[in-house]
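Worksheet for the structure shown next.
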Amino acid sequence: MKQRIPIQRRIRAGKDFATVLPALLFLGLFVYYPVVQVVRISFTNWNLINDNYSYVGLKNWVWLFQGSGTKYLINSFKVTALFTLGELSITIIGGMIFAVILNRITTSFSVMRALIFLPKYIAMSSAAVVFIWILNTQNGILNFLLAQFGKAPVNWLGDKNRALFSILMLTGWRTVGYGMMIYIAAMRGISKNYYEAASIDGATKWQQFTQITIPILSPTTLFLFVTTFISAMKVFQSVDVMTAGGPYRSTEVIVYMIYKYAMEDFRMDRASTIAVVFFLVLLAITAATMKISNKRVNYDA
């Protein structure tokens, strides 16, 4: 005989569901519904200039993977990958270096930490405008300093071989302090007993750092890697303000490519197709990272 659920449990379950219903509605309206719409639009020929559109099947997908869009997609993924690798290196490696150097409880070290972390609170668009002036070929302060050492002016933003590096200057200036503060907070939680025992066994400072600090900080490193990776892959503002994807598409990251097709060429169909591919790539890489890291990250401490 089927057991009936008591009325009190049904009421409690209904109340629990009612508490999460607003969040579910919010996610459905502002997250899942737009995702479904983007996928749907990728199968149309929607041009923002015209109100009418029709379904064209895989035409946009053929254009992206077998037509003229292929080389632009490959170029944008390459640029995005290089930028992401640069930001990951600056945030994780640079952040850990600064954390080790400035992990002292004194007023002077607190001031230095604050000065390094402060750029994180500056709006990207405002910081990008300042860096345009700093990197200006004729009147920029960076070229002025180089001239004091007899160096010729450098076209930081107009040279396709230097433009992406110039944007990374801005990115590193804003993110290295964030990585530093996250690592310092994690280092403060490491028990001193580990280092005392290692010192008794004759371990050097470098051995303590590589054998104790880095392994225990692996969950923190994973957190920084995933969050920084997603943030770097979605970079847009700095590219839009400083180079607009140029010169010669040398800084045209994926998000800017999507923006250009949607808002400059008015091709929502092609922009949606690229957006779907970008979403799937992000999802696959993030899932793979989490799966691999679960076997190598140490949570014992």
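All of the numbers you see were taken from the coordinates with simple rules; none came from a lab. The shown structure was predicted, so the numbers you read here are calculated from the model rather than taken from an experiment. Positions of Cβ are backbone-derived with ideal geometry, glycine not excepted, and every protein chain shown enters the neighbour counts.
Residues in segment 188-213 that are outside any helix (DSSP H, G or I) and crowded, with 16+ Cβ neighbours inside 10 Å: 203 alone.
The set of residues in segment 67-77 being assigned to a helix (DSSP H, G or I) and out of contact with any Phe, Trp or Tyr (no Cβ under 7 Å at 6 or more places or on another chain) consists of 70, 71, 72, 73, 74, 75, 76, 77. Checking 284, 288, 244 one by one, the residue that is on the phi > 0 side of the Ramachandran plot and without any contact (Cβ under 8 Å) to a residue 60 or more places away in the chain is 244 and no other. Within segment 135-144, the residues that satisfy the criterion of being surrounded by fewer than 16 Cβ atoms within 10 Å (Cβ to Cβ) and either within 24 Å of residue 183 (Cα to Cα) or not hydroxyl-bearing (Ser, Thr, Tyr) (or both) are 138, 139, 141, 144. Residues of segment 78-117 that are farther than 19 Å from residue 216 by Cα, in a helix (DSSP H, G or I) and out of contact with any helix residue (DSSP H, G or I) (no Cβ under 7 Å at 6 or more places or on another chain): 78, 81, 85, 89, 107, 108, 110, 111, 114, 115.
Condition first: closer than 16 Å to residue 241 by Cβ and without any contact (Cβ under 8 Å) to a residue 40 or more places away in the chain. Now tell me which residues in segment 102-134 satisfy that. Matches in segment 102-134: 123, 126, 130, 133, 134.
Among the residues of segment 30-42, those that are closer than 12 Å to residue 58 by Cα and either free of Cβ contacts under 8 Å to residues at least 60 places away in the same chain or in a helix (DSSP H, G or I) (or both) comprise 39, 40, 41. The single condition among (1) in a helix (DSSP H, G or I); (2) of a type outside the set (Ser, Thr, Tyr); (3) closer than 21 Å to residue 278 by Cα that residue 57 does not satisfy is (1). Restricting 114, 147, 123 to those that are loosely packed, with under 12 Cβ neighbours inside 10 Å, among the hydrophobic types (A, V, I, L, M, F, W, C) and farther than 25 Å from residue 238 by Cβ reduces the list to 147. Take the conditions (1) within 29 Å of residue 79 (Cβ to Cβ); (2) surrounded by 14 or more Cβ atoms within 10 Å (Cβ to Cβ); (3) of a type outside the set (Gly, Ala, Ser); residue 216 misses just one of them, which is (1).
Picking from residues in segment 150-187 that are without any contact (Cβ under 8 Å) to a residue 60 or more places away in the chain and surrounded by fewer than 14 Cβ atoms within 10 Å (Cβ to Cβ), the one that is nearest to the chain's Cα centre (by Cα) is 185. So for segment 92-101 (the condition being touching a Lys or Arg at 6+ places or on another chain (Cβ under 9 Å), in contact (Cβ under 8 Å) with a residue 24 or more places away in the chain, under 20 Å from residue 263 (Cα atoms) and surrounded by 11 or more Cβ atoms within 10 Å (Cβ to Cβ)), does at least one residue qualify? Within segment 92-101, not a single residue is touching a Lys or Arg at 6+ places or on another chain (Cβ under 9 Å), in contact (Cβ under 8 Å) with a residue 24 or more places away in the chain, under 20 Å from residue 263 (Cα atoms) and surrounded by 11 or more Cβ atoms within 10 Å (Cβ to Cβ). Of all residues in segment 257-281, those being under 18 Å from residue 77 (Cβ atoms) and among the basic types (Lys, Arg) number 2.
The set of residues in segment 219-235 being surrounded by fewer than 21 Cβ atoms within 10 Å (Cβ to Cβ), without any contact (Cβ under 8 Å) to a residue 60 or more places away in the chain and farther than 16 Å from residue 82 by Cβ consists of 223, 227, 230. Only helices (runs of 4 or more DSSP H) whose full extent lies in segment 217-301 are considered here, and the ones with at least 2 residues that are closer than 28 Å to residue 43 by Cα and over 13 Å from the mean Cα position of the chain (by Cα) are 254-259, 268-293.
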